[in-house]
Structures are given as C-alpha cells and as structure tokens.
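Peer 1: I am attaching a structure below and will ask some questions about it afterwards.
Readers should treat all values here as calculations from the given coordinates under stated rules, not as data from a laboratory. Remember, it's a predicted structure, so these values are computed and weren't measured experimentally. In this analysis, Cβ positions are derived from the backbone assuming ideal geometry, glycine residues included, and neighbour counts consider all displayed protein chains.
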C-alpha cells in the first residue's frame with residue numbers, strides 16, 4: 001500500500017527512493033501490474049517470491065495460523081467436516097494440508113488448471129464453487145481476488161456454514177451480497193457475524209471477512225517470520241549495494257541469498273546437512289557421462 005501511495009500521492013519523494021521490497025503475494029501481483037503498465041518508478045524486490053518465504057511463510061505459516069483463528073473463534077470440531085479451500089496457491093496448499101491433518105474432507109476450488117490438477121494429485125477433491133457451495137461446512141478463501149464467494153453461492157449453502165478469508169482484503173467473500181440476502185444480522189460471539197436468511201438458514205462470517213489469522217488470531221509463529229524478516233533485511237542490503245544498476249522493475253533475490261537464509265535457519269534449529277564431495281561436484285558439472 002505504501003508503494004502505491006507514493007506513486008499516486010507523494011511523487012516528489014520518488015527521486016530519493018532507491019527501491020523497496022514487498023512481502024505479500026497480492027502486493028507482488030499489483031507491483032508486476034504496475035511494471036507491465038510502465039508506471040513503476042523504482043526497483044522492487046519481490047521477497048514473497050523467494051523460496052524461503054513462500055515455501056514456509058505462505059504454506060506453513062498461513063496453514064497453521066488460519067486454523068488457529070478459525071478454531072479459537074468457533075471452537076468447532078474440524079474432523080468429519082467438508083472444508084472448501086478456495087485457491088490452491090502456497091497459502092491454499094498449507095490450509096488444505098492442515099485441514100486434512102485434522103480429519104476433514106477437503107475440497108479445492110481453483111481456476112488454474114495446473115494447480116487444480118496438483119490439488120487432485122495431492123488427494124483433494126476439486127470442483128467449481130457452484131458445486132462446492134452445496135456441500136461445504138467451512139469455506140476459506142486464499143485467492144487475492146474479489147467476490148470469490150458471492151450471492152449465487154450463499155443461496156445454496158447449508159445452514160450453519162462458516163466463512164473465513166485468509167487471502168487478502170475483506171473482498172474475497174462478498175459482504176454486500178450477504179447483507180442483501182439477510183433479514184437479520186447478529187454477533188453471537190466475538191469475531192463472528194451471523195447472517196440469518198429468509199428461509200431461516202444462518203451463515204457465519206468470521207472477522208468481518210478480514211484476514212482471519214490476523215484479526216482473530218496472532219498471525220504466523222515467530223519461527224516462521226524470522227525467515228521472512230531476514231529476507232526483508234537482505235533485500236534492503238541488496239538494494240543499497242545494487243541500486244545504481246537496478247531498473248524500475250520487479251526483481252527476485254538471488255538464489256545464494258535464499259540459500260544463506262535457509263542455512264542460518266537450519267543452524268538455528270541445530271540441523272546439519274550433507275555436503276557434496278569434490279568428486280560429486282565434478283560429476284554434476286560434467287556432460288561426458290551417459291545415463
């Protein structure tokens with residue numbers, strides 16, 4: 001948001017900005033759109049696109065903290081329920097993985113054919129939202145897009161459905177549509193809004209549709225965030241060291257920085273990994289050996 005504000009409202013500051021880094025998937029998507037449109041004015045480091053960010057923060061951090069928010073808010077049993085995960089990016093993967101661990105049946109809704117195929121091969125059911133809406137007990141969005149769950153979906157949902165967002169802003173689940181369908185709106189518990197429909201069904205929205213892991217829980221564990229913050233620090237150093245040759249576009253940190261963060265994390269966990277011998281290194285660099 002700050003980068004967008006600078007470009008729109010404080011352009012007089014831009015000449016003194018060497019660059020910036022972006023932590024989130026949604027933020028990187030928007031910055032790449034700015035680059036594509038030719039309006040990006042300084043270089044951006046897409047920290048989110050580093051392996052040691054999305055493989056751990058997005059998958060394990062979001063996967064755990066999302067369920068922390070849902071469970072502490074509702075106190076519901078997850079086992080035996082139909083969980084609908086909307087979006088199978090790294091956040092969606094983590095949410096689905098943890099839901100399966102709780103004993104739920106997991107349904108994935110995805111628009112990307114490759115991700116949808118991956119979800120099926122991972123053992124999850126895959127179907128359109130219009131079908132998932134009829135059978136889901138808990139719905140979790142993780143898309144970075146707008147109105148992923150909307151009026152036609154609410155109209156066919158079961159009584160007592162839980163709706164939660166783990167993607168980005170409070171627009172993934174259409175609150176205007178919920179309000180238009182409701183004849184009564186209540187707050188039975190903190191961070192739960194009950195929408196009572198004309199036919200008596202009740203739909204429950206958590207944390208006003210905002211990020212459930214932040215609004216209704218404590219966010220990611222520190223053991224996850226330390227890697228993301230390390231990448232942010234290294235991104236700042238990389239910009240300082242290279243700003244004169246960086247262009248106004250979106251960059252990913254070099255692989256060696258990613259690996260450095262991973263090695264530091266492993267050392268902090270007391271884990272030692274195998275090392276290649278000189279013979280093995282030479283073999284991997286050779287093209288003369290056949291299969």
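Peer 1: What's the ranking of 48-57, 126-135, 147-156 by average number of surrounding C-beta atoms within 10 Å, highest first?
Peer 2: Sorting 48-57, 126-135, 147-156 by mean packing, highest first, produces 48-57, 147-156, 126-135.
Peer 1: Another question, then. With a/c under 1.5 counting as rounded, go ahead and sort segment 124-214 into rounded, prolate or oblate using the C-alpha gyration tensor (a ≥ b ≥ c being the square roots of the eigenvalues; past the cut-off, prolate if a/b is larger than b/c, else oblate).
Peer 2: Note, shape of segment 124-214 comes out oblate.
Peer 1: Another question, then. P(r) for segment 65-137: what percent of alpha-carbon pairs falls in each 5 Å bin, starting at zero?
Peer 2: Result returned by the calculation: 4, 18, 29, 26, 16, 6, 1.
Peer 1: In bins 5 Å wide, starting from 0, what share of all Cα pairs of segment 58-216 does each bin hold, as a percent?
Peer 2: 2, 10, 21, 25, 22, 13, 5, 1, 0
Peer 1: Using Cα pairs under 8 angstrom and six or more residues apart, how large is the relative contact order of segment 85-216, in percent?
Peer 2: Rounded, it is 20 percent for segment 85-216.
Peer 1: From Cα pairs below 8 angstrom and at least 6 apart in sequence, can you work out the relative contact order of the chain, rounded to a whole percent?
Peer 2: Numbers: 516 pairs, mean separation 61.1, N = 291.
Relative contact order of the chain: 21 percent.
Peer 1: Once segment 1-98 is represented by equal point scatterers at the alpha-carbon sites, with solvent omitted, what log10 I(q)/I(0) does the Debye formula produce at q = 0.12, 0.13, 0.16 Å⁻¹?
Peer 2: -0.54, -0.60, -0.77
Peer 1: What is the list of residues in segment 139-170 whose amide nitrogen lies under 14 Å from a point 7 angstrom out from the Cα of residue 180, following Cα to Cβ?
Peer 2: Zone members listed by number: 147-155.
Peer 1: Rounded to the nearest 500, what is the 222 nm mean residue ellipticity of the chain from helices alone, with -39500 (n - 2.57) per DSSP H run of 4+ residues and division by all residues?
Peer 2: When only DSSP H runs of four or more count, the value is -12000 deg cm²/dmol.
Peer 1: Please report, for the Cα atoms of the chain, the Rg to one decimal and the Dmax as a whole number; what are they, in angstrom?
Peer 2: 22.0, 74
Peer 1: Can you tell me the length gained on complete extension of the stretch residue 208 to residue 37, counting 0.36 nm per residue apart and subtracting the Cα distance?
Peer 2: The span from residue 208 to residue 37 would gain 58.3 nm if fully extended.
Peer 1: Follow-up. Suppose R0 equals 41 Å. What FRET efficiency, 1/(1 + (r/R0)^6) with r the Cβ-Cβ distance, do residue 287 and residue 237 give to the nearest 0.05?
Peer 2: It comes to 0.70.
Peer 1: Let me ask another. Residue 79 to residue 223: extension gain in nm, 0.36 nm per residue of separation minus the Cα-Cα distance?
Peer 2: 49.2 nm
Peer 1: Please compute the length gained on full extension between residue 256 and residue 156, using 0.36 nm multiplied by the number of residues separating them and subtracting their Cα-Cα distance.
Peer 2: Stretched out fully, the residue 256 to residue 156 stretch lengthens by 31.0 nm.
Peer 1: Sticking with this structure for a sec: Determine, from the Cβ-Cβ distance of residue 274 and residue 189 and an R0 of 45 Å, the FRET efficiency 1/(1 + (r/R0)^6), rounded to the nearest 0.05.
Peer 2: Computed FRET efficiency for residue 274 and residue 189 comes out at 0.35.
Peer 1: How many nm is it between the label spots at residue 120 and residue 170, if each spot is 7 Å from the Cα in line with the beta carbon?
Peer 2: Result for the modelled spin labels: 3.7 nm.
Peer 1: For the pair residue 102 and residue 245, how long in nm is the line joining their label points, each one 7 Å along Cα→Cβ?
Peer 2: So the two model labels end up 4.9 nm from each other.
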